[in-house]
Every structure is written in structure tokens, then in C-alpha cells.
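Heads up, the thing below is written out as C-alpha cells.
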Amino acid sequence: MGALFGEMSGRHPLFILAVWAPAIAAFILILHYGGWPGLQRFLSRLLLWRCHPAWYGFLLGLPLMFYAGSAVKGNLFTDPFPFTSGTALLSAIAITFILGPVEELGWRGLALPLLQRRFAPIGAALLLGVIWGVWHLPAFLLSGTPQSAWSFTPFLVGSVALSLMVTPLFNASRGSLLLPYLFHLQLINPIWPDAQPYDMIFVVAVAVVVVVLNRKTMFRKTGAVTQVIPAAVPRELPGDLTGGTSP
């Protein structure tokens, strides 16, 4: 791999393509079944932002998990700030903004609504969390990637826990793509301290609290968003992606 493509860093074109793969797969399916109008309606879900204000407080509070994990790890006040200039900081934030969160167009944009047609949100979240975590496994096996310095098992557990967090947020926002995007952005913001693997202790704890607080919607299909392409289409589509919310 290294001889053919060079070091597989987080900025390598192939790494970026791999990160975007879930979104690319979603676009291909939506274009196939809904055409360009369907893709436009799908992307209109980026404009959905209304939900209970508590969810916005939740999004703003997510970094506390990483600071708490860093405190347990012992590097909260010892690790230097990772950027030496404002330009480097802005560059890293810009790359982060257009890289990892784009996954959500596939995971929460397409996969979660389809899974919620068959399972209650708790089951869909658990299954998608495992898929989400295992999908990252190649990054742990390639030198030069951010994940190559991490342990996979805590990451997998954390992926399932994060899936349990974002699922009720997704349903509460009626299928918003914007809020899962912001959720993912908070998880990978380069400003937060490196707390691996201790941050996963707090990620799991927060996930348990979120599930308990949302138990009325997590364990039943009522209100679960199953719509991929908003609004009705003028013709029946094979493997219809339009759907609605569960009865």
C-alpha cells in the first residue's frame, strides 16, 4: 500500500474517498430510485433544524466527555495545544468540517431510516453502531491514519454508544441531516484533547442516560423516522425510499 499510494494519512485522497464512501453510496441509491429531484429532496433535510432546545444544549455539552476523559488520562493540563498558528488551526477545522461529518449523509441519512422500518430505534441504533464501528477497522490497520494509534475495542464500544445518542436526536428533529452532522463534528473537533481510550467511559455513561431519558421513543417504532426522500414522488419507486414515519 505504502509503495503504491504513499503514507495513508488523514489527508490522503484515498482516505478521504473512503470516509465519504457511505455518503457516496447513499447518493448512488437515491439517484437510482429518486433521480435528481429525489436527491434534492434528500439534501433538503440539511435544512431541518427544529427540535427541543435541550438537544442543542446536549450538542454544546458533548466536548465535556473528552475533557473528562483527558482528566482521567492525566494529560488535560500537560499536552501542548496541537496547533502552532491560527492558520494551522483554521485549516484543521476546515478539513474536519468537510471530512468526517459527511459520513452522516449515509449513516443517518439513509441507513438509520431504513433500519427503523424493521426495528425499534434501540435495535436500529445498536446494529448501525456496530456497522459504523467495524467500517472504521481498516483505518486502524493502516499506519499514518489517526486511528492507527488507538485501540479498536474501546472505539467499537464508543461507536455503538454514540449511535445510541444520535438516534433519538435524529428522530426528535424529524430526520434532520444537519443535527447529526453537527453531532459528528463535535466528536472529531481537533481542538478537543486526546482522551483515548478513557473518553469512552464517559461516552458510554452519557449514552445510558440518553437512552433512559428517551426510553419512551427508543423502544417503540411510533414516531421513528423512516423517510429517506421527503415528500411524495409522482410514481412508485422500486424499493421505495420515500416512506414516512412508522405508524
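The values are calculated or read from the model by the stated rules, or taken from the named source; none is laboratory data. Here the structure is a predicted model, which means the values were calculated and not measured. As a convention, Cβ positions derive from the backbone with ideal geometry for all residues, glycine included, and neighbour counts pool all protein chains shown.
Every residue, every condition in (1) surrounded by fewer than 18 Cβ atoms within 10 Å (Cβ to Cβ); (2) out of contact with any Leu (no Cβ under 6 Å at 6 or more places or on another chain); (3) within 16 Å of Leu177 (Cβ to Cβ), yes or no:
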position: Pro22; (1), (2), (3): no, yes, yes
position: His52; (1), (2), (3): yes, yes, no
position: Met65; (1), (2), (3): no, yes, no
position: Phe77; (1), (2), (3): yes, yes, no
position: Pro80; (1), (2), (3): yes, yes, no
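Would you mind finding the one in Phe202, Phe170 that is over 20 Å from Arg108 (Cβ atoms), touching a residue at least 60 places away in the same chain (Cβ under 8 Å), of a type in the set (Phe, Trp, Tyr) and assigned to a helix (DSSP H, G or I)?
Matching residue, one of Phe202, Phe170: Phe202.
Residue-wise test of (1) closer than 26 Å to Val204 by Cα; (2) touching a strand residue (DSSP E or B) at 6+ places or on another chain (Cβ under 9 Å); (3) at pLDDT 95 or above.
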position	(1), (2), (3)
Val19	yes, no, no
Ala26	no, no, yes
Gly38	no, no, yes
Gly57	yes, no, yes
Gly61	yes, no, yes
Ser70	yes, no, no
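Being part of a helix (DSSP H, G or I), small (Gly, Ala, Ser) and either within 14 Å of the chain's Cα centre (by Cα) or on the phi < 0 side of the Ramachandran plot (or both) is true for just one of Ala207, Ala195. Which residue is that? Reasoning before the result, please.
Details: Ala195 fails: part of a helix (DSSP H, G or I).
Checking each option against the conditions leaves just Ala207.
From Ala139, Ala120, Ala88, Ala94, which residue is surrounded by 15 or more Cβ atoms within 10 Å (Cβ to Cβ) and modelled with pLDDT under 95?
Values: Ala120 fails: modelled with pLDDT under 95; Ala88 fails: surrounded by 15 or more Cβ atoms within 10 Å (Cβ to Cβ); Ala94 fails: surrounded by 15 or more Cβ atoms within 10 Å (Cβ to Cβ).
Of the residues listed, the single one that is surrounded by 15 or more Cβ atoms within 10 Å (Cβ to Cβ) and modelled with pLDDT under 95 is Ala139.
Residue pairs, Cβ under 8 Å, 6 or more apart or interchain, first in region 56-84 and in contact (Cβ under 8 Å) with a residue 40 or more places away in the chain and of a type in the set (Val, Ile, Thr), second in a helix (DSSP H, G or I) and surrounded by 13 or more Cβ atoms within 10 Å (Cβ to Cβ). List them.
Correct list of pairs: Val72/Ile201.
Among the residues of region 68-84, what is the count of those that are part of a helix (DSSP H, G or I) and touching a Phe, Trp or Tyr at 6+ places or on another chain (Cβ under 8 Å)? So that I can check it myself, show each step before the final result.
Residues of region 68-84 that are part of a helix (DSSP H, G or I), as a first pass: 68-73.
Next, only the ones that are touching a Phe, Trp or Tyr at 6+ places or on another chain (Cβ under 8 Å) stay: 68-70, 72-73.
Looking only at that region, the number is 5.
Have a look at Leu128, Leu156 and point out the one that is surrounded by fewer than 20 Cβ atoms within 10 Å (Cβ to Cβ) and at negative phi.
Leu156
Go through region 120-136 and report how many residues are assigned to a loop (DSSP other than H, G, I, E, B) and without any contact (Cβ under 8 Å) to a residue 40 or more places away in the chain.
Residues meeting the conditions: 1.
Evaluate the following for Arg108: is it out of contact with any helix residue (DSSP H, G or I) (no Cβ under 7 Å at 6 or more places or on another chain), more than 19 Å from Leu14 (Cα to Cα) and among the basic types (Lys, Arg)?
no
Which one of the conditions (1) buried (at least 20 other Cβ atoms within 10 Å of the Cβ); (2) out of contact with any Lys or Arg (no Cβ under 6 Å at 6 or more places or on another chain); (3) at pLDDT 95 or above; (4) within 18 Å of Gly61 (Cβ to Cβ) does Val208 fail to meet, given that it meets all the rest?
Going through the list (1) buried (at least 20 other Cβ atoms within 10 Å of the Cβ); (2) out of contact with any Lys or Arg (no Cβ under 6 Å at 6 or more places or on another chain); (3) at pLDDT 95 or above; (4) within 18 Å of Gly61 (Cβ to Cβ), Val208 breaks only (1).
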